[in-house]
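Below is one structure, written out as structure tokens; the observations come after it.
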Amino acid sequence: MGKCDIILSQYFEDDCRYADLINGFVFEGRQVVDEKDIIDRNPVITGFLGKVKGCIPIQKYRDAVRKIVFGMNFIVLGLEHQNNIYYGIPIRIMLEDAAGYDEQLRILRGLNRRKKRLNSDAFLGGITKEDRFKAVVTIVLYYGSEPWQGARTLNGLLDLDSVPDKVKDLLNDYRIHILEVRRIQELDRYQTDLREVFGFIQKSGDKAAVKKFAFENAEKFQKLEEDAYDVISILTGSKELETMKEKYREKGGKINMCEAIRGLIEEGKAIGLSLGDQGRSQTVARNMYARGFTAEEAAGLIGISRTQIRDWYDEWQKERS
């Protein structure tokens, strides 16, 4: 996992934030899920494609996954973090969700055999007519500056030219659920510091708007949790905020973001690139990467740090692999 993935995974380890995300995105701000309804679950999911001999084992590592309790029932809800548009994501999410169901199937088979619940008809399959599975859902959090232009369904990736309608009717589609963080219309649906984090990231294209938002919400930004500060720093690409963190640490470990921003302004630091042109620079860098430019060449031509360019290059290389 890259640095950004690690920081985001740690940030969403907080059950209050996990519940707040679900309430804000799924229930439009209504307080349906409480932090007590969030149960830890292993983010590594294993499954198998095929049968016994020649089967292909698959292992998927979710960025975050929890059980969400609803009364006497629960669902499994995972999060995936995306800084860039990944055009094949419907297939990836479908595989992750399928691996989650396959994991339940294998556990249920083992339990049924140990408890001797299987009659002759059900023995080979390992499950009974009454057995049911817990729903598996994934939310994709997209932090990119460009609007999401990738497919939101499996059918959106399929080449169906000349395929008869009768055949199309046989196809099973698979939807994905994307929260475009920079385009959230109702920030007040979120009641934890998700509101401040999402709002700051949204406005990072306009340094005046960043300053205005921070100081209008000074009470929250003056006592920002360290992991929330880290998410803001890395997702806005602000090396200045990263390096200034210790300077503005308050008693109790929280960070005074308002003072950090004021410090940048007083020191004449340009928040412009890191909190403004980041998305455009990343787009240019990606085009140069695709055309074979080295990280050093791209950094020199674009005018940003080689460290930032190398981080992007490493991420894009992993995607290609």
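The values are calculated or read from the model by the stated rules, or taken from the named source; none is laboratory data. Computed from a predicted model, the values in this text were never measured in an experiment. Backbone-built Cβ (ideal geometry, glycine too); neighbour counts: all protein chains shown. Only protein heavy atoms, including side chains, enter the accessible area calculation; ligands, DNA and RNA are left aside. Shrake-Rupley method; radii C 1.70, N 1.55, O 1.52, S 1.80 Å.
Can you name the residue in the stretch 303-314 that is part of a helix (DSSP H, G or I), open to solvent by less than 60 Å² (accessible area, probe 1.4 Å) and of a type outside the set (A, V, I, L, M) and, of all such residues, is modelled with the lowest pLDDT?
That would be Gln308.
Do any residues in the stretch 123-152 that are over 16 Å from Asp97 (Cβ atoms) have Cβ atoms under 8 Å from those of residues that are hydroxyl-bearing (Ser, Thr, Tyr) and open to solvent by less than 20 Å² (accessible area, probe 1.4 Å), where the two are at least six apart or on different chains, and which pairs are they?
Trp148/Tyr142
How about the stretch 7-28: which of its residues are in a loop (DSSP other than H, G, I, E, B) and exposed (fewer than 15 other Cβ atoms within 10 Å of the Cβ)? Break it down stepwise before answering.
Residues of the stretch 7-28 that are in a loop (DSSP other than H, G, I, E, B), as a first pass: 12-14, 26-28.
Answer for the stretch 7-28, where residues must be in a loop (DSSP other than H, G, I, E, B) and exposed (fewer than 15 other Cβ atoms within 10 Å of the Cβ): Glu13, Phe27, Glu28.
Can you name the residue in the stretch 214-245 that is in contact with a Phe, Trp or Tyr (Cβ under 8 Å, 6 or more places away or on another chain) and charged (D, E, K, R) and is also nearest to Asn83 (Cα to Cα) among such residues?
Going through the qualifying residues, I end up with Asp230.
Looking only at the stretch 211-222, which residues are within 20 Å of Lys247 (Cα to Cα) and either touching a helix residue (DSSP H, G or I) at 6+ places or on another chain (Cβ under 9 Å) or polar (S, T, N, Q) (or both)?
The answer is Lys211, Ala214, Phe215, Ala218, Lys220, Phe221, Gln222.
Just give me the residues in the stretch 158-197 being open to solvent by 80 Å² or more (accessible area, probe 1.4 Å) and in contact with a Ser or Thr (Cβ under 7 Å, 6 or more places away or on another chain), in sequence order.
If the condition is that a residue be open to solvent by 80 Å² or more (accessible area, probe 1.4 Å) and in contact with a Ser or Thr (Cβ under 7 Å, 6 or more places away or on another chain), then Arg175 is the only one that fits.
Glu180 - would you say it is within 23 Å of Glu96 (Cβ to Cβ) and either out of contact with any Pro (no Cβ under 6 Å at 6 or more places or on another chain) or modelled with pLDDT of 95 or more (or both)?
So Glu180 fits the description; yes.
All but one of (1) under 30 Å from Trp316 (Cβ atoms); (2) at pLDDT 95 or above hold for Lys166, so report the exception by its number.
(1)
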